[in-house]
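Peer 1: Structure incoming, see below.
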Amino acid sequence: MSIVAVHDHPHRHLRFRFPSLRRRGTAPASGEVTTAAAATQAYAFAGLRLLTGFVFLRAFLDKTFGFGYATQSGNGWIDGGSPTKGFLGGVAVGPMESTFHDWAGATWADWLFTLGLLGIGIALIAGIGLWLAAVAGTLMMALMWIAEWPPAQHLSDGSASMSTNPFADYHLIYAVVLIALAAAGAGATWGLGKAWARLPFVSRNRRLL
């Protein structure tokens, strides 16, 4: 019977339907996608801002109180140690080598460096004055970049500099991050950026944002 049925309908073919690749249900509106992407970006920048602020603030605390990391216990600023003497005094390459040696341990240099770390750290964590923090931080990173002088393959004594890149190093990365955070207005999320922007003296001078 089945054989006869096949011969009675020689042109009949079985049809297979493949499942649709489209998701069932209503697709999210473009506005909703844009809003979600903007929120994700805001949270990402806020997280980066807090982490970067912690780096600067933690450096200030270690230099000031000697937590036993970069600054040994008993050698902190409050103990009479110098936050700049070790780093600047150890500069061994670059066009400002002798200048940095002169600055090492100077009272004004210790104050500027330490308060710079504190100010940048507080600004980033609080999410206020990000452009000021970006300018100050970029200047600080530029001086530290010159102090380490990545383009050099050898130090002044002829030994290898151990530089892995003639231009880009972590100081440059930090500077770019600081500028990006300020440009993105990263203080508005998980920070006091919105309240700060509403202050009269800040609203009159956008450079204080």
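Peer 1: Relative to the longest principal Cα axis of the chain, at what angle does helix 30-65 sit, 0 to 90 degrees, rounded to 10?
Peer 2: On a 0 to 90 degree scale, this one is about 20.
Peer 1: Angle between the Cα long axis of helix 130-148 and the longest principal axis of the chain, 0 to 90 degrees, nearest 10?
Peer 2: Compared with the principal axis, the helix lies near 70 degrees.
Peer 1: Accessible area per residue, 1.4 Å probe, Å², for the chain: what's the number?
Peer 2: 68 Å²
Peer 1: Sum up the charges of everything whose Cβ sits under 12 Å from the Cβ of Pro83, counting Lys and Arg as +1 and Asp and Glu as -1, but leave Pro83 out.
Peer 2: Result for the neighbourhood of Pro83: -1.
Peer 1: Just one of [x] 24.7; [y] 14.0; [z] 11.9 is mean projected area of the Cα convex hull in nm² as worked out from the coordinates here. Which one is it?
Peer 2: The calculated read-out lines up with [x].
Peer 1: Take each of the peptides 93-105, 112-124, 173-185, average the number of other beta-carbon atoms within 10 Å over its residues, and list them starting from the highest.
Peer 2: So the order, starting with the most tightly packed, is 112-124, 173-185, 93-105.
Peer 1: Once phi is turned into ³J(HN,Hα) by the Karplus curve 6.51 cos²θ - 1.76 cosθ + 1.60 with θ = phi - 60°, what whole-Hz value does each residue of the range 192-209 show in order, with x for glycine and proline?
Peer 2: So the J values, rounded to whole Hz, are 9, x, 5, 5, 4, 5, 7, 5, x, 6, 7, 5, 7, 9, 5, 5, 8, 5.
Peer 1: Something else about it: Residues with amide H under 5 Å of His154's amide H, sequence separation 5 or more or different chain, H placed in the peptide plane at 1.01 Å from N; which?
Peer 2: Ser161
Peer 1: What is the dipole size for the range 89-200, taken about its Cα centre, with +1 at each Lys and Arg Cβ and -1 at each Asp and Glu Cβ, in debye to the nearest 20? All intermediate terms of the calculation are to be shown ahead of the outcome.
Peer 2: Numbers: 2 positive and 6 negative charges, 138 e Å.
That gives a dipole near 660 debye.
Peer 1: Taking all protein chains as present, what is the carbon and sulfur share of the accessible area of the chain, in % to the nearest whole number, probe 1.4 Å?
Peer 2: Numbers: 9180 of 14120 Å².
For the chain, the apolar C and S fraction of the accessible surface comes to 65 percent.
Peer 1: Something else now. For the range 55-87, which chymotrypsin sites (Phe, Trp or Tyr not before Pro) are both in a DSSP coil and crowded by at most 13 other Cβ atoms within 10 Å?
Peer 2: Tyr69
Peer 1: Whole-Hz Karplus ³J(HN,Hα) for the range 81-95, in order, using 6.51 cos²θ - 1.76 cosθ + 1.60 and θ = phi - 60°, x for Gly and Pro?
Peer 2: x, 10, x, 10, 4, x, 6, 5, x, x, 4, 10, 6, x, x
Peer 1: Please give the net charge around His154, taking every other residue with its beta carbon less than 14 angstrom from that of His154, where Lys and Arg add +1 and Asp and Glu add -1.
Peer 2: Every neighbour counted, the sum reads -3.
The values are calculated or read from the model by the stated rules, or taken from the named source; none is laboratory data. Since this is a predicted model, take the numbers as computed values, not measurements. Every residue, glycine among them, receives a Cβ derived from its backbone with ideal geometry; neighbour counts consider all protein chains shown. Keep in mind that these areas ignore ligands, DNA and RNA; they rest on the heavy atoms of the full protein, side chains included. Shrake-Rupley method; radii C 1.70, N 1.55, O 1.52, S 1.80 Å.
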